[in-house]
Amino acid sequence: MSGSEVVIVGGGVTGLSAGWWLARSGVKVTVIDKGIVGWEASGRNGGGASHYQSPLFDEEHRLWPQMDELLGYPTEHQRERIIIAMTERQWEQYRFVAARHHRLGHPVDLLDSKQVQEAVPLAGEKSFGGVHYRFGGHANPQRTVQAYAWALQDLGGTIVQHCAVTGFDTAGGKVTGVRTANETHGCDSLVIAAGPQTDRLTAQLGVEIPLAAARAEMIITEPAPMMKIGGVDGHKLYGRQTMRGNLAYGGGPHEWVDIEEGGPVARPSTPLMRNLASRLAELLPKAAHLNVIRSWAGVIENTPDGRPIIDRLPGSDNVVVATMSGVGFGLSPASGHAIRDLVIDGVCSFADIGILGLSRFADLPADWRQERGWLPIT
Ligand SMILES: Cc1cc2nc3c(=O)[nH]c(=O)nc-3n(C[C@H](O)[C@H](O)[C@H](O)COP(=O)(O)OP(=O)(O)OC[C@H]3O[C@@H](n4cnc5c(N)ncnc54)[C@H](O)[C@@H]3O)c2cc1C
């Protein structure tokens, strides 16, 4: 049996960031993934990093501009975002949100249609206006996953790939071993950060956590001329301009799915790809002539209230659980820090993360998925 102080199940951005934070504190860490690190949602997402509704936001905002330097590898992080209103109703909603940001002290500017065109050269004349967030930003998901993984290894951490965790050994209220097909890894502490499969693993330790999985798609176009601010959202789309100029965009409708044994199957579909492409052409009409060169899908973990779960697992003294409910990429620098704190100190040092706790679901009815219609189409 091999051994580590902390074993982390899941090599997405959450597990890798947690591993990196722990390794920075001198802890011997092993991250185990059933596939390749970042192969699931963490390497397939929109790259948005502006989660102002989260208790982790201040830390997210503080850390992102430093991440390249801290990790020692590029994440391609870019600051700021612009949201364009394509209907009068959206314009009303965005002004309401902007007023709330003002009250919270987040720097935002309202833009009229002409200012939108100046700030976003690919936008057209038809917008109702926009909001310029002078905070938050976006980064390259693949680069970021790689940066966390390399930085973790530089600090002596171990990554084990193509190795599914199948169960746990327990003794005296603690997890003492993490079982895989090949071997059992001994551990002093365990972190479960397995995205939409987190519930399957916690169920083995007797804790049901409420998660529903949804498939989402992204498209990417040929390169467009570079814009000063590449994080442009709106028209129910989220996305970013890559460093090469390509427009990488995703958006609803998301489709509820079952996760098969072995992991999510996430193939893009032609109808949704067409729908995304036509909305992108309306949002950024001066890019409407660009061909879509690739598309992909990913599976998002969703909790009933849309907020992440980061908590110590009830009933086990040495287990932390983290699943991020669709906002895990942007929050990853901060979620990793919070997980490190829970593992080492038992409490998050920089934010009150009580609302991310599992106890909030104590009164959730067993049929919550049916109630909401969050069920896969059969
Ligand atoms: C299309 C799309 C767009 C998105 N856009 C954004 C965005 O713009 N901004 C944002 O912040 N978030 C976005 N998200 C959400 C974000 O990608 C996720 O919240 C985040 O990646 C979750 O990271 P994670 O590490 O917690 O989970 P995952 O990335 O799902 O990683 C979990 C890992 O656990 C491994 N695993 C599972 N079971 C086992 C097992 N039994 N044994 C070993 N390993 C196991 C898996 O192989 C996987 O690698 C988007 C998601 C998608 C799909």
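FYI, it's all coordinate maths here, none of it is from the lab. Nothing here was measured: the structure is a model prediction, and the numbers come from that model. No Cβ is skipped: glycine too gets one built from the backbone with ideal geometry, and neighbour counts run over all protein chains shown.
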Between GLY129 and residues 5 or more places away or on another chain, which pairs have amide H atoms under 5 Å apart, with H built 1.01 Å from N, and which residues are they?
-> ALA85
Surface/4 estimate of mean projected area, convex hull on alpha-carbon atoms of the range 314-378, nm² | 6.3 nm²
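Distances over 16 Å make up what percent of all Cα-Cα pairs in the range 234-318?
Here the tail beyond 16 Å accounts for 64 percent of pairs.
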By Cβ neighbour count within 10 Å, fewest first, THR14, THR30, THR323 rank THR30, THR323, THR14
Once every Cα of the range 1-63 carries one equal point scatterer and solvent is ignored, give the base-10 log of I(q)/I(0) from the Debye formula at q = 0.25 Å⁻¹, two decimals.
-> -1.08
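With only alpha-carbon atoms in the gyration tensor, what are the semi-axes of the equivalent ellipsoid for the range 174-320, in Å, largest first?
Ellipsoid semi-axes (Å, largest first): 39, 16, 15.
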Report, in whole Å, the centroid distance computed from the Cα atoms of the range 236-266 and the range 1-66.
-> 19 Å
Per-pair calculated FRET efficiency, R0 = 35 Å: ASP345 and GLN153 via Cβ, rounded to 0.05 = 0.90
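Within 13 Å, Cβ to Cβ, of PHE361, how many net charges do the neighbouring residues add up to if Lys/Arg are +1 and Asp/Glu are -1?
Numbers: positive: ARG307, ARG360, ARG369; negative: ASP199, GLU208, ASP305, ASP311, ASP363.
Net of charged neighbours comes to -2.
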Given unit charges at Cβ for Lys, Arg (+) and Asp, Glu (-), the dipole magnitude of the range 72-158 about its Cα centre in debye, nearest 20, is 220 debye
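Roughly how big is the chain's charge dipole about its Cα centre, with Cβ charges of +1 (Lys, Arg) and -1 (Asp, Glu), in debye to the nearest 20?
On the way: 34 positive and 40 negative charges, 200 e Å.
With Lys and Arg at +1 and Asp and Glu at -1, about 960 debye.
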Measuring from label point to label point, each 7 Å out along Cα→Cβ, what is the MET226 to THR166 span in nm?
-> 5.0 nm
Using distinct alpha-carbon pairs, which all enter the 1/r mean, Kirkwood radius of the range 55-214 in Å | 19.9 Å
Given C-alpha coordinates of the range 119-210, what is the ratio Rg to Rh with the Kirkwood estimate of Rh?
-> 1.20
Within the chain, which DSSP H helices have Cα atoms that stretch 15 Å or more along the helix axis and a mean Kyte-Doolittle hydropathy of at least -1.0?
-> 13-24, 141-154, 270-283, 328-344
Which of the listed residues, GLY47, GLY239, PRO121, is farthest toward the dipole's positive end in the chain, when Lys, Arg count +1 and Asp, Glu count -1 at the beta-carbon?
-> PRO121
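Apply 1/(1 + (r/R0)^6) to the Cβ-Cβ distance of SER25 and ASP109, taking R0 = 41 Å, and write down the FRET efficiency to the nearest 0.05.
0.55
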Sketch the reach of a paramagnetic label on ASN275 as a point 7 Å from Cα along Cα-to-Cβ, and name the residues of the range 189-224 whose backbone nitrogen lies under 14 Å away.
-> 215-219
Per-residue Cβ contact counts at 10 Å, fewest first, order LYS236, LYS34 as LYS236, LYS34
What share of the DSSP beta bridges in the chain is antiparallel, in percent to the nearest 5?
-> 70 percent
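Which whole number of Å³ per residue matches the convex hull of the alpha-carbon atoms in the chain? Write down the numbers at each step before the final one.
Numbers: hull volume 51.1 nm³, N = 378.
So the per-residue hull volume is 135 Å³.
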Report, in deg cm²/dmol and to the nearest 500, the calculated mean residue ellipticity at 222 nm for the chain, where each DSSP H run with n ≥ 4 adds -39500 (n - 2.57) and the sum is divided by the residue count.
-> -8500 deg cm²/dmol
Mind checking which lysines have their C-alpha under 26 Å from LYS174, skipping anything on the same chain fewer than 8 residues away?
-> LYS28, LYS34
